[in-house]
Amino acid sequence: MPKVLTVKAIDALKPAPQGSRYDLADAIVPGFGVRVTDKGSKSFILTARFPGSQNPTRRTIGKVGSLELADARKVARDWLDMLLRGNDPSPLALADTGATTRVTETFEDIAQQFLKLHVKRNKLRTVGEIERLINREMLPKWRTREFVSI
């Protein structure tokens, strides 16, 4: 049952039971809502039929806290307008909201971030092998390609 989402109502949402998550739909914007995980993480989502899919799917707009409720509703309305025109809004909207990646980031940028933030930070024993594979197999093909296009 859709409910008018407010900042106070979102802050009061309890974590889902262990191993599950739940969605709370908004009554103002169709398909818009908040997803809550068992760890208490909350994200703004839009459920709609995106191009290339016959079934409705959920896409994350942004995390609660990094994006205001009014801004998330505006992004959801923009996405719905794009969907009506037959366009897939996700890569464009990610650049506007800064949700996960920016459209201008290349594969090389993301590969360097991966090496720095995951491989080297966690001191994996296979650092050299992972760097070698990325440099030899992936970078020659995808170095300057936009990451969201892959």
Legend entry - The one condition in (1) surrounded by 11 or more Cβ atoms within 10 Å (Cβ to Cβ); (2) modelled with pLDDT of 80 or more; (3) of a type in the set (S, T, N, Q) that residue 100 fails to fulfil: (2)
Legend entry - Matching residues in the stretch 104-128 - criterion: being exposed (fewer than 11 other Cβ atoms within 10 Å of the Cβ) and not aliphatic (A, V, I, L, M): 104, 116, 121, 122, 123, 125, 126, 128
Inset, instruction - Report the residue count in the stretch 72-97 for those that are at pLDDT 80 or above, open to solvent by 80 Å² or more (accessible area, probe 1.4 Å) and not in a loop (DSSP other than H, G, I, E, B). - result: 3
Legend entry - Unique match (being modelled with pLDDT of 90 or more and within 22 Å of residue 8 (Cβ to Cβ)) among 41, 66: 41
Inset, instruction - Scan the stretch 138-150 and report the pairs whose first residue is modelled with pLDDT of 85 or more and whose second residue is open to solvent by 70 Å² or more (accessible area, probe 1.4 Å), with Cβ atoms within less than 9 Å and a gap of 6+ or a chain change. - result: 142/150
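The values are calculated or read from the model by the stated rules, or taken from the named source; none is laboratory data. Keep in mind it's a predicted model, so treat the numbers as computed, not measured. Positions of Cβ are generated from backbone atoms using ideal geometry, with glycine treated the same way; all protein chains shown enter the neighbour counts. The accessibility values were calculated without ligands, DNA or RNA, using every heavy atom of the protein model including side chains. Shrake-Rupley method; radii C 1.70, N 1.55, O 1.52, S 1.80 Å.
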